[in-house]
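Engineer: Sharing a structure below in structure tokens format, with a few things to ask.
The values are calculated or read from the model by the stated rules, or taken from the named source; none is laboratory data. The structure presented is a predicted model; accordingly, all values stated were derived computationally and were not measured. Here the Cβ positions follow ideal geometry from the backbone for every residue, glycine too, while neighbour counts run over all protein chains shown.
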Amino acid sequence: MPIKLIIDNSNGYLAMDAAVLVEAFEGALNELGLVDRKDEAVSVVATHIIAFAKAGEYGSVRLRDLTVKAVRQEQCRRQDTSPAFIATTRPARSR
């Protein structure tokens, strides 16, 4: 479980809020439909949760919502720059 590893390695900074972070993490995974804990996206979710917590967000619902939004925006940016996406969104040339 990536979030636990990050919390454990945070030198106690986030340890007192571990339950809130885990709740936000689990909620974000559920919202995003991530079930494979070995998926790289799970680590991305954990990293966002910790970053938002360190920035001062402490509510589990707010952390979840911010994380889901950030991950979805990253997915959109990746799709927007993929060669397949660009090829399908180019306007057709007129002859």
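Engineer: Taking interchain pairs and intrachain pairs at least six residues apart, which have beta carbon atoms under 8 angstrom, with the first residue in segment 55-80 and within 18 Å of SER43 (Cα to Cα) and the second among the acidic types (Asp, Glu) and outside any helix (DSSP H, G or I)?
Structural biologist: Pairs found: LEU63/GLU57; LEU66/GLU57.
Engineer: Let me ask another. Out of the residues in segment 4-29 meeting the condition of being in a helix (DSSP H, G or I) and of a type in the set (Gly, Ala, Ser), tell me which one is modelled with the lowest pLDDT.
Structural biologist: ALA15
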